[in-house]
There are 2 protein chains.
Amino acid sequence: MKPVTIYDIAKEANVSVATVSRVLNNTAPVRKSTRDRIVEIMNKHQFQPNALARSLLKKETGMLGVLLPDITNPFFPEVLSGLDQAARSKGYTYFLCDTFSSNEDHIDQYTRESQYLSILIEKQVDGIIMIGGRINLNRVSAEMVGEVVEVSKRVPVVMINGHLPGTSIHRVNADERAGAEMAVQHLIDLGHRDIAFIGGYKQMSNTNMRMQSYVRTMTANGIRVDERKIRLGGFNVDQGKSLMEELLGLPERPTAVFCANDMVAIGAIKAARKAGLHIPDDLSIIGFDDVPTASSFIPELTTVSLKSRLLGQTGADVLHGLIMKSKMKKVTVIQPELIVRESTGPVKVASRL
Amino acid sequence: MKPVTIYDIAKEANVSVATVSRVLNNTAPVRKSTRDRIVEIMNKHQFQPNALARSLLKKETGMLGVLLPDITNPFFPEVLSGLDQAARSKGYTYFLCDTFSSNEDHIDQYTRESQYLSILIEKQVDGIIMIGGRINLNRVSAEMVGEVVEVSKRVPVVMINGHLPGTSIHRVNADERAGAEMAVQHLIDLGHRDIAFIGGYKQMSNTNMRMQSYVRTMTANGIRVDERKIRLGGFNVDQGKSLMEELLGLPERPTAVFCANDMVAIGAIKAARKAGLHIPDDLSIIGFDDVPTASSFIPELTTVSLKSRLLGQTGADVLHGLIMKSKMKKVTVIQPELIVRESTGPVKVASRL
DNA sequence: TTTAACATTGACAGCGCTATCATTCACATA
DNA sequence: TATGTGAATGATAGCGCTGTCAATGTTAAA
């Protein structure tokens, strides 16, 4: 059973294909009687125009590509949800390209990224959004950067929470610095002075920004930072747990911990509880990202929201602007927000004993 | 700057487009010297063939459509991740169509579903996967069913964890009945007799299956079920919380609670703790789905895994089979697995006091 | 040397649609 | 009645690619 084309419709309605195309796109006046007849025939056959043929001619597909590192990481569905809404409202459909999760074929994220990039180009997407947050500065070789730059010459690209140094690709970023400052300042305002930082990876720009901002805020408040209380090494619950255990092994444990993200914070809480500590009475813990889990955890996590949905939404808006050839700001910064919940509290002098 | 086409390549290489096409698809022998020359020119121009044109002719696009209700619900990214892997390994790219989340334009899930369905048809996807779990029996009108059936005549469709009664659409389902039985039996084996069921919605098939299986297992073990201890009303944390509060208000509270999903279980634990109960000593709680959060929660959640990744993977495999016109089983059932963690424990007689 | 059998290439139609230009009507105005 | 104007329509050329058929070379067996 062959799908019906506008030729079939045209023949049955005794008109030319041009006329059918006209009623389809409402691109020129068609006599009401003719139009009605054509529409009826279309309905009768449940005619659906072939978007490939149309796109081939019009050089626009209404399709976007969205690259992200791991849909299984709860941060990304949030971003995606904002992005989805904005994209849909403008009539786009998008390919989801997961570059790292379920990595059973031993291909690394960057290789997969370039594979997807070229597939997307071949499929003639109207634009590409790369959601970062994992950009590893060491690994971003000149080659990789060059590739993305090359792609961005062919089709608009915007990066969310990522940045390719030396390029001028449009991006929308959370203000990580401000976010980290909020977190640390919150702890300090609560009376804490002995504040640790755990989680993340040295090579990653987001970790660095968070950590640097931590150091700066401490210093600005006249607090000396203790190198031993900065412990990097991962973004997940288990890693958070062992990082916290290290901290607990120190001769003098901190009264508060700033975690590189919420997962690490959860791990930290688990370790602390196992050690018999009560949160937040004995120890305050603050996370980062405001993943949905954060609010359902016990205790509910104090954290800083990166406004993930807004990030996604804005990314899509910027991309749309680019596609429409509007002049867009090169970088859009989204202000995070401190979310105070239950895992932080005022320092107690006794808690150090 | 116009994109280069095979014509440009052909001209520069002094061959016909047919030959260029041949080296592109390796579809007929080409003299090595000619091939090398063409390849070099392609590289020089970073030539990427236009997939639209190719697909228009070949009637296959390598694109799939994936419909799901809410990417923000942690169950779906898991399914998607399995699906992604299987689809990618077979060379497919897919459109992600979120039919319900971020629903700010007041269009309901079913309307959006049909919108997406027709977009996907127009884009000529090779197949469609609908991930359910939210199919509301009341709302699945004849119209909706008819629509999906109509679509499935044009392109292969597979439903994951969903079912349109009266149709013969291929599907892969978790064995909800068996899963619920595992959960309840686990509780009974632990010595519990007074077991409640909370969460879900009466109109949904998954809720019904879980609930019926709960009743059956109780009865099979010679336990009478107490109607007051079955409380439906939602799938999220807050709803779980208030459902649990209702339960706690009962003259004789249960010693164990079987929750319709993990989110409800988390809510239940929150309510129980607030009431001063210790989990699992005073109350055992078991969830359903084995969402990633379940293992990071405190206490770690005992639950039954629906094998979400496997579900997705299998769905993609079945769809691929259908696309390849292989004979596929109409329904594939995935066996769930009981995951015993910390939120359930043996009954203590004293816990009833 | 001749000829069959491949290897290699070219020409060209056509996938389903839209844009452009040309043509035909139907009226209203002069 | 002649003419202009806009409304309706048709004819047709591609969009970039692949498949088919035909036309060349080339090589090895006869």
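When the Cα positions of B:Y116, B:P299, A:P77 are compared along the charge dipole of the protein assembly as shown, B:Y116 comes out farthest toward the positive end, with charges on each C-beta of Lys, Arg, Asp and Glu. What shape does segment A:1-40 take by its C-alpha gyration tensor, where a ≥ b ≥ c are the square roots of the eigenvalues and a/c under 1.5 counts as rounded, a/b above b/c as prolate, and the rest as oblate? Judged from the Cα gyration tensor, segment A:1-40 comes out prolate (a/c at least 1.5, a/b above b/c). Counting only Cβ charges, +1 for Lys and Arg and -1 for Asp and Glu, the dipole size of the protein assembly as shown around its Cα centre is about 2180 debye. Rg and Dmax of chain B, both derived from C-alpha coordinates alone, stand at 26.1, 92 Å.
Can you give the longest stretch of chain A with no exposed loop site, where a site means trypsin sites (Lys or Arg not before Pro) in a DSSP loop (not H, G, I, E or B) with at most 16 other C-beta atoms within 10 Å?
Working: sites that count: A:R31, A:K59, A:K90, A:R139, A:R193, A:K202, A:R224, A:K325, A:K327, A:K329, A:K330, A:K348.
Counting only loop sites that pass the neighbour cut-off, the longest clear stretch is A:225-324.
Give me the log10 of I(q) over I(0) for segment A:167-216 at q = 0.28, 0.32 Å⁻¹, as the Debye formula computes it from C-alpha points; what are the numbers? Log10 I(q)/I(0), no solvent term: -1.11, -1.23. Computed from the Kirkwood radius of its Cα pairs, the Stokes-Einstein diffusion coefficient for segment A:34-78 at 4 °C and 1.567 mPa s stands at 90 µm²/s.
With viscosity 0.692 mPa s and temperature 37 °C, the Kirkwood radius over alpha carbon pairs of segment B:1-108 converts through Stokes-Einstein to a diffusion coefficient of 191 µm²/s. Any chance you could check the Cα centroid distance between segment B:150-218 and segment B:49-91 for me, in angstrom? After rounding, the separation between the Cα centres reads 26 Å. When the GluC sites (Glu not before Pro) in segment A:189-271 are filtered for DSSP coil states and for at most 13 other beta-carbon atoms within 10 Å of their beta-carbon, the remaining sites are A:E252. Plainly put, the tip 7 Å out from Cα toward Cβ on B:E143 is 5.6 nm from that tip on each other copy, the closest given first. Quick check on segment B:157-289: take the gyration tensor over C-alpha atoms, sort the square-rooted eigenvalues as a ≥ b ≥ c, and tell me if it's rounded (a/c under 1.5), prolate or oblate. Prolate, since a/c reaches 1.5 and a/b exceeds b/c. What separates the A:L248 label point from its copies, with the point 7 Å along Cα to Cβ, is 2.7 nm, written shortest first. Each principal axis of the Cα cloud of segment B:284-353 was evaluated for its coordinate range; sorted largest first, these ranges are 62, 22, 12 Å. Counting beta carbons within 10 Å around each of B:V340, B:V158 and listing the fewest first gives the order B:V340, B:V158.
At the listed q of 0.05, 0.07, 0.08, 0.10 Å⁻¹, the Debye profile of the protein assembly as shown, built from one uniform point per Cα, gives log10 I(q)/I(0) equal to -0.29, -0.55, -0.71, -1.06. Please work out the Cα center distance from segment B:288-308 to segment A:240-299, rounded to the nearest Å. Each part's Cα centre sits 21 Å from the other's.
Count Lys and Arg as plus one, Asp and Glu as minus one, and take only other residues whose Cβ is under 15 Å from that of B:R54; the net charge is then +2.
Note on chain A: helix-only mean residue ellipticity at 222 nm, from DSSP H runs of 4+ residues weighted -39500 (n - 2.57) and normalised by residue number, equals -14000 deg cm²/dmol. Placing unit charges on the Cβ atoms only, positive for Lys and Arg and negative for Asp and Glu, gives chain A a dipole magnitude near 1340 debye about its Cα centre. Exposure proxy for B:S284, B:S21, B:S205: other Cβ atoms within 10 Å of each Cβ, ordered fewest to most, give B:S21, B:S205, B:S284.
The local environment of A:P74, defined by Cβ-Cβ distances under 9 Å, has a net charge of -3 under the rule Lys, Arg +1 and Asp, Glu -1.
Once you have a ≥ b ≥ c as the square roots of the Cα gyration tensor eigenvalues for segment B:189-257, tell me rounded if a/c is under 1.5, and otherwise prolate or oblate according to whether a/b is larger than b/c. Show your work: numbers first, answer last.
Working: a/c = 2.09, a/b = 1.16, b/c = 1.80.
Oblate is the answer for segment B:189-257, as a/c is 1.5 or above yet b/c matches or exceeds a/b.
Per residue of peptide A:278-290, the mean number of Cβ atoms on other chains within 10 Å of the residue Cβ is 0. Remark: relative contact order (chain B) = 18 percent; criterion is Cα-Cα distance under 8 angstrom and separation of 6 or more residues.
Sequence-ordered 3J(HN,Hα) estimates for segment B:62-67 from the Karplus curve with 6.51, -1.76 and 1.60 and θ = phi - 60° stand at x, 10, 10, x, 10, 9 Hz, glycine and proline given as x.
None of the figures in this text is laboratory data; all of them are computed from the coordinates on show. Predicted model only: the values in this text are computed from it and were never measured. Note that each Cβ is placed from the backbone with ideal geometry, even for glycine, and that neighbours are counted across all protein chains shown.
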